[in-house]
There are 2 protein chains.
Amino acid sequence: MKKEADVFFEFLVGKGLKFTSQRKIILNIFLNTEDHLSVDDLFVLSRREDETIGYATVHRTLKLIKESGLAREVDFGEKRKRFEHLFGHKHHDHLICTKCGDAIEVFDPKIEKLQEKLAQKYGFKPSFHRMEIFGLCKKCGKREPHPV
Amino acid sequence: MKKEADVFFEFLVGKGLKFTSQRKIILNIFLNTEDHLSVDDLFVLSRREDETIGYATVHRTLKLIKESGLAREVDFGEKRKRFEHLFGHKHHDHLICTKCGDAIEVFDPKIEKLQEKLAQKYGFKPSFHRMEIFGLCKKCGKREPHPV
DNA sequence: GTAAAACATGATATTGATTTTCAATTTCAT
DNA sequence: ATGAAATTGAAAATCAATATCATGTTTTAC
Ligand SMILES: [Mn+2]
Ligand SMILES: [Mn+2]
Ligand SMILES: [Zn+2]
Ligand SMILES: [Zn+2]
């Protein structure tokens, strides 16, 4: 059993909540999918394991997972939210392919440092940030026709 | 009359559309407000000039303004979209105060350069990006109680 | 000038994701 | 077992964004 499951369990216990079978299924699918999932994605996957699981339950459980510190919300400029692993994952930003939708996780310490400096310059106390670069990934870039 | 109004007018003409009184009002309010406005913000402001203007018209006009190249959409992590001036404004990113909502416009050429490099490292062809740093602005940071 | 065509408007309806409500069920400590 | 508390799935509510539609207003064709 992953350590994350303990974290979630402890979080639930601390709030007087229960680790039900539905929550187990949803958590495990989330943990085993190293991807940026929407509520609906997770709902579809969860239904495969348990044909009776409800959308609301998936939604509520994902919210709990987020509150427990295991997940964070990410926004790739679509209309739906996505979630990614937080526990044991270092901060990173994304390169997002506008063609295939793939999200590459990246981290540049020099940029991070300059972001701090930039904030400082304005007397601003940063608490978090996000940076997304949109464009074509390696694969999609190759397939693109050359400019005329 | 601002040059932007001509840009918008030419855009409309090019599409066989008309520069109506409503569109004039909405455009002028948008141009005169150096701010990051939501459709609803702009609707409220427009109603002050013309009590009969409809929400749908504001929405449609803002869409046209965007298509004409005068505005672009920005996302400050709220559920509603915002729009800012694009014409004659250089690319910039934002420091967003999580307390008062103020958005400071910033630009760091070193960061921009590193973003290019970062993309290159992954064979990624960037076309645009966004970077938002959330935290407390100078004012709000001062008012914050010191940690215990 | 007049009539048809094209466009614009504001009210209203629809959409789609998210979030809440609610009655029924399950869990768990006595 | 019993009662309190938590959970569930379906359905409804919410809310911004968008589409529809009947009514006006130009513009164009004759
Ligand atoms: Mn990620
Ligand atoms: Mn701006
Ligand atoms: Zn791609
Ligand atoms: Zn502030």
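Nothing in this text is a laboratory measurement; each read-out follows from the coordinates by a stated rule. Everything quoted here is computed from the prediction, not taken from an experiment. Backbone-built Cβ (ideal geometry, glycine too); neighbour counts: all protein chains shown.
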What's the average, rounded to a whole number, of partner chain beta-carbon atoms within 10 Å of each residue's beta-carbon in A:116-128? 6
Label-to-label distances across copies for B:Gly54, with labels 7 Å out along Cα→Cβ, in nm, shortest first? 3.8
Segment A:82-137 and segment A:21-75 have their Cα centres apart by a whole-number Å value of 24 Å
Exposure proxy check: A:Asp50, A:Asp93 ranked by fewest other beta carbons within 10 Å? A:Asp50, A:Asp93
Across the identical copies, how the A:Gly77 labels are spaced - nm, sorted shortest first, 7 Å along Cα→Cβ: 1.9
Which pairs break 27 Å Cα to Cα here: B:Lys3/B:Lys90; A:Lys15/B:Lys81; B:Lys79/B:Lys138; A:Lys110/A:Lys138; A:Lys125/B:Lys113; A:Lys63/B:Lys81? A:Lys15/B:Lys81
Net charge within 13 Å of B:Asp50 by Cβ-Cβ distance, Lys/Arg positive one each and Asp/Glu negative one each, not counting B:Asp50 itself? +2
Which whole number gives the average count of other chain Cβ atoms within 10 Å of the Cβ atoms across peptide B:83-95? 1
Based on Cβ point charges of +1 for Lys and Arg and -1 for Asp and Glu, what charge dipole magnitude is obtained for chain B about its Cα centre, in debye rounded to the nearest 20? 260 debye
Per-residue average of Cβ from other chains inside 10 Å of A:104-115: 4
Rounded to the angstrom and largest first, Cα extents along the principal axes for chain A equal 55, 45, 27
Ranked list, fewest to most other Cβ atoms within 10 Å of each Cβ, for B:Arg60, B:Arg48: B:Arg48, B:Arg60
Have a look at the protein assembly as shown and give its Rg and Dmax from the Cα atoms, expressed in angstrom. 22.6, 68
For the rotation bringing A onto B, which A residue has its Cβ nearest the axis, and at how many Å? A:Met131, 2
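Determine, for B:Ile111, A:Ile26, the number of other Cβ atoms within 10 Å of each Cβ, and report the residues in order from fewest to most.
B:Ile111, A:Ile26
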